[in-house]
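Can you keep this structure in mind? I'll have questions shortly.
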Amino acid sequence: MPDSRSASAVSARCFSSGGSAADPSFRADLADATRRSVSMPRHDDSDHSARGAALLAALATSGDWPDGAFPAATPTAEQAATATAEPDEGRAKLWDELWAAHEAARLGLHPSPPATP
């Protein structure tokens, strides 16, 4: 698998939003699969996928969250502790194996045309 994670344009951090992002196990799996820290900027921002998509687009274009994007909210201790998931190298290797199996199956079904000089 080509390692695009080392490309300088790829951030070491990933932000998530929406309903799936509210689940700490989703953030953990995404962190392991990408080998990046995965954060949900606000624990109660899960019901607004369109808003989350707009905020992520703003982050991608400006490099920072828009001013006032996250009104003050006080997370519980558990929410604060699980807001960011860090990658686990052992589980990341499992994701590498899954990716390799997926690519092998995909290429077996739809082989790439031979390269032309």
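Which count do you get for residues in segment 55-71 that are farther than 23 Å from ASP29 by Cα, at pLDDT 70 or above and not polar (S, T, N, Q)? If you could, list the steps in order and put the result at the bottom.
Within segment 55-71, the first condition is being farther than 23 Å from ASP29 by Cα, and the residues that meet it are 58, 61-71.
From what's left, at pLDDT 70 or above: 58, 61-69.
Narrowing further to those that are not polar (S, T, N, Q): 58, 63-69.
Within segment 55-71, residues that are farther than 23 Å from ASP29 by Cα, at pLDDT 70 or above and not polar (S, T, N, Q) number 8.
Could you say whether any residue in segment 84-99 is surrounded by 13 or more Cβ atoms within 10 Å (Cβ to Cβ), touching a Lys or Arg at 6+ places or on another chain (Cβ under 9 Å) and modelled with pLDDT under 70?
No, every residue in segment 84-99 fails to be surrounded by 13 or more Cβ atoms within 10 Å (Cβ to Cβ), touching a Lys or Arg at 6+ places or on another chain (Cβ under 9 Å) and modelled with pLDDT under 70.
Considering every residue within segment 37-52, establish whether at least one is charged (D, E, K, R) and at pLDDT 80 or above.
First, pick out the residues of segment 37-52 that are charged (D, E, K, R): 42, 44-45, 47, 51.
Imposing the further condition that a residue be at pLDDT 80 or above reduces the set to none.
Looking through segment 37-52, none of the residues is charged (D, E, K, R) and at pLDDT 80 or above.
The values are calculated or read from the model by the stated rules, or taken from the named source; none is laboratory data. On a predicted model such as this, the values are computed, not experimentally measured, just so you know. All Cβ positions, even for glycine, are placed from backbone atoms using ideal geometry, and neighbour counts span all protein chains on display.
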